[in-house]
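Nothing in this text is a laboratory measurement; each read-out follows from the coordinates by a stated rule. Model, not experiment: these values are computed from the prediction. Cβ placement follows ideal geometry from the backbone for every residue including glycine, while neighbour counts extend to all protein chains displayed.
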Amino acid sequence: MSCGEPHETDCSEVLDHLYEFLDSEMPDVDRTKFEQHFEECSPCLEKYGLEQAVKKLVKRCCGRDDVPADLRAKVMGRLDLIRSGQIGSERDVAAAPVTPRES
């Protein structure tokens, strides 16, 4: 996704780290770059708004239940595999062995 305009921070970088931005898990200097990007790029701002709405909906609907530690570890392990590029497609994700990650 891109608006076709050049930006100081590339659209792909913004979208790759969108949840870190949403969860306030990035340094302030990076947050500032992302905020500036959203001001300039309506497709990324739209994606941000959509993901923010989904996150709020999930929190409202599921936020009261405790997640079992082993399930959390499995999900985080799969996310680590995806981020590292070891698995890429949905089929790869479903077939990947799950090893709990250290929290």
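With K and R counted +1 and D and E -1, the other residues having a Cβ less than 13 Å from that of SER24 yield a net charge of -4. Give the shape of the stretch 37-82 as rounded, prolate or oblate, defined through the alpha-carbon gyration tensor: a ≥ b ≥ c are the square roots of its eigenvalues, a/c under 1.5 means rounded, and otherwise the shape is prolate if a/b is larger than b/c and oblate if not. Because a/c hits 1.5 or more and a/b fails to exceed b/c, the stretch 37-82 counts as oblate. Calculated on the alpha-carbon coordinates, the convex hull of the stretch 1-76 measures out at 102 cubic angstrom per residue.
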